[in-house]
Amino acid sequence: MKKTIAFVTSGLKFNGNTIYEKALGGSESAMVYIAKEMAKLNNEVTVYCECDKPGEYDGVDYRSLDLYRQDEKSQFDTLVVSRFTDYFALPLDTKMNILWCHDIDSSNFKEALGVADN
């Protein structure tokens, strides 16, 4: 069954092709690889990031982070927020919210846990 999955992060500028062109941070690389694998499983995957070249890469739609706040594509089955918990502060219309926080300590971590699903 096809699912809609969105990833959102901030930080380094990248797109789905960056991992083939130059060194990229571990968190960003992990996101690219996981998003790519989710798309291979016939899911509709969107990554919102500091995207230097928006477009589709390996079946994943890479969009500018600015669009996360105003995108018409705002309803997802699953939202994965990587590190930057402020993205949970927006009104969410998702079935499952995942906080992926493995390398940056967040000042509002406890509040974000109230939005993320177990």
Between Glu56 and Thr4, what is the label-to-label distance in nm when each label sits 7 Å out along the Cα-to-Cβ direction? 1.6 nm
Explain nothing, just compute: Karplus ³J(HN,Hα) = 6.51 cos²θ - 1.76 cosθ + 1.60, θ = phi - 60°, for every residue of the range 21-33 in order, whole Hz, x for Gly and Pro. 9, 7, 5, 9, x, x, 5, 5, 4, 4, 5, 4, 5
Asn42 paired with Ala23, simple spin-label distance in nm, labels 7 Å along Cα-to-beta-carbon: 4.0 nm
Can you work out ³J(HN,Hα) from phi for every residue in the range 47-59, in order, using Karplus 6.51 cos²θ - 1.76 cosθ + 1.60 and θ = phi - 60°, giving whole Hz and x for Gly and Pro? 10, 9, 7, 6, 7, 7, 9, x, x, 9, 9, 6, x
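Bear in mind that the values in this text are calculations on the coordinates, not laboratory data. In this text the structure is predicted, and so the values were computed from the model without any measurement. Every residue, glycine as well, gets a Cβ built from its backbone with ideal geometry; the counts of neighbours run over all protein chains shown.
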